[in-house]
Amino acid sequence: MCEFKKSRVISIGEHKIGGDNFTVIAGPCTIENYQDLKTIALQLKKLGIAFFRGGAFKMRTSPHSFPGLGKEGLEIIKKVADETGMLSVSEIISPEDVELLTEYVDIIQVGTRSMHNYPLLSKLGKVKNPIILKRGMSSTYEEWLLAAEHISSGGNENIILCERGIRTFDYTYTRNSLDISAVPVMKQLTDYPIIIDPSHSGGRRDLVRPLAWAGAAAGADGLLLETHFCPDETVCDSQQTVDLQELELILAQLPQLAALWNKKIPENI
Ligand code: PEP
Ligand code: MN
């Protein structure tokens, strides 16, 4: 039988992703303004979460949807990270913005729609920031690993894989289908940490908790999820954004589930 590989440790300052660590990254889909992001970050910090997310450049399916605040959003996320001592995650959508992202965020996210943007991936191979590489929504495991190789062949081996749901055949009830097998399969094929995004996969608030717990129970190295103090008021992905009370419920059972795979949620923030 194949072995499940223990994931490599990716260090960011004093924090670590992979190895025996179970990492929670949470925050709004998009950065709307400084005050809201600061409020969310402080609430997350109180819950013991060290990593917060927020998009400044959004890859929207519809050209009429809010595209993000761009550079202004990056300035906001950096200010909040500096003020709270938390680590930031934000998405990149264009190869031209690589330098800009490295200046403003700790971890750079490649979204599902950009997994096949090979010039972007090659450029990210030349930076030092860890990269969250989301799986293309219709990509095979092989294609996903080859996308990671586009990054690693440039020298950057700090790659965190993120399963965020794939296209199957029924969209009556869910936005995508979380492919839970991705966790044990990737753990046989690579030692890159793999995290689960229970927000974009189900596309529904009420599915975030079960999908998050399923990811932890399957051996994932962490979660990336969308949260806001008032989900109904968010401009982007509000239908899948959980409030802080729900996030607390999710967090409450994660230590036991992560412990199934000898992982711990660090308490060092
Ligand atoms: C996101 O994380 O906000 C996002 C757009 O995700 P995905 O690329 O998985 O759709
Ligand atoms: Mn989103």
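Mind listing whichever residues of the range 151-202 are buried (at least 24 other Cβ atoms within 10 Å of the Cβ) and at pLDDT below 95?
Residues satisfying the conditions do not exist here.
Within the range 94-152, track down each residue that is within 21 Å of Pro67 (Cβ to Cβ) and among the acidic types (Asp, Glu).
Glu96, Asp97, Glu99, Glu103
Do you know which residues across the range 212-238 are outside any loop (DSSP other than H, G, I, E, B), more than 13 Å from ligand 1 (Cβ to nearest atom) and within 20 Å of Thr112 (Cβ to Cβ)?
Ala212, Ala214, Gly215, Gly222, listed by residue number.
Among what's in the range 17-31 and is among the small types (Gly, Ala, Ser) and outside any strand (DSSP E or B), pick the residue that is farthest from ligand 1 (Cβ to nearest atom).
For the range 17-31, the residue satisfying everything is Gly19.
Residue under question is Tyr171, and the condition is that it be farther than 19 Å from Ser138 by Cβ, of a type in the set (Ser, Thr, Tyr), more than 13 Å from ligand 1 (Cβ to nearest atom) and not in a helix (DSSP H, G or I); does it hold?
For Tyr171, the condition - farther than 19 Å from Ser138 by Cβ, of a type in the set (Ser, Thr, Tyr), more than 13 Å from ligand 1 (Cβ to nearest atom) and not in a helix (DSSP H, G or I) - is not met.
When you scan the range 260-269, do you find a residue that is without any contact (Cβ under 8 Å) to a residue 60 or more places away in the chain, under 19 Å from Leu211 (Cβ atoms) and within 16 Å of ligand 1 (Cβ to nearest atom), even just one?
Among the residues of the range 260-269, not one is without any contact (Cβ under 8 Å) to a residue 60 or more places away in the chain, under 19 Å from Leu211 (Cβ atoms) and within 16 Å of ligand 1 (Cβ to nearest atom), which makes the answer no.
Considering only residues of the range 185-213 that are among the β-branched types (Val, Ile, Thr) and more than 16 Å from ligand 2 (Cβ to nearest atom), which is nearest to Gln253 (Cα to Cα)?
Only one residue fits best here, namely Ile194.
Hey, does the range 224-247 have a residue that's of a type in the set (A, V, I, L, M), touching a Lys or Arg at 6+ places or on another chain (Cβ under 9 Å) and within 24 Å of Ser11 (Cβ to Cβ)?
yes
Only one of (1) buried (at least 22 other Cβ atoms within 10 Å of the Cβ); (2) within 19 Å of Met186 (Cα to Cα) is not met by Ile92, so which one is it?
Checking Ile92 against (1) buried (at least 22 other Cβ atoms within 10 Å of the Cβ); (2) within 19 Å of Met186 (Cα to Cα), the one that fails is (2).
Before we move on, is Thr227 surrounded by 17 or more Cβ atoms within 10 Å (Cβ to Cβ), under 16 Å from the mean Cα position of the chain (by Cα) and in contact (Cβ under 8 Å) with a residue 24 or more places away in the chain?
Taking the combined requirement at face value, the residue satisfies it.
For every residue, the table says whether it meets (1) without any contact (Cβ under 8 Å) to a residue 24 or more places away in the chain; (2) of a type in the set (Val, Ile, Thr); (3) touching a Pro at 6+ places or on another chain (Cβ under 6 Å).
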{"residue": "Thr39", "(1), (2), (3)": "no, yes, no"}
{"residue": "Glu75", "(1), (2), (3)": "no, no, no"}
{"residue": "Ser90", "(1), (2), (3)": "no, no, no"}
{"residue": "Pro95", "(1), (2), (3)": "no, no, yes"}
{"residue": "Glu99", "(1), (2), (3)": "yes, no, no"}
{"residue": "Thr102", "(1), (2), (3)": "no, yes, no"}
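Going by what's in this entry, would Ile49 be described as assigned to a strand (DSSP E or B), closer than 26 Å to Gln245 by Cα and of a type in the set (Val, Ile, Thr)?
Criteria not met by Ile49.
Would you confirm, using the coordinates I've provided, whether Gly125 is surrounded by 15 or more Cβ atoms within 10 Å (Cβ to Cβ), within 16 Å of ligand 2 (Cβ to nearest atom) and of a type in the set (Gly, Ala, Ser)?
No; evaluated as a whole, the condition is false for this residue.
Taking only the range 55-87 into account, find how many residues are away from ligand 2 (no atom under 13 Å from the Cβ), of a type in the set (A, V, I, L, M) and either farther than 21 Å from Val24 by Cβ or not in a helix (DSSP H, G or I) (or both).
Looking only at that region, the number is 5.
The values are calculated or read from the model by the stated rules, or taken from the named source; none is laboratory data. Remember, predicted model here, so these are calculated numbers, not experimental data. Here Cβ is always computed from backbone atoms with ideal geometry, including for glycine, and neighbour counts include all displayed protein chains.
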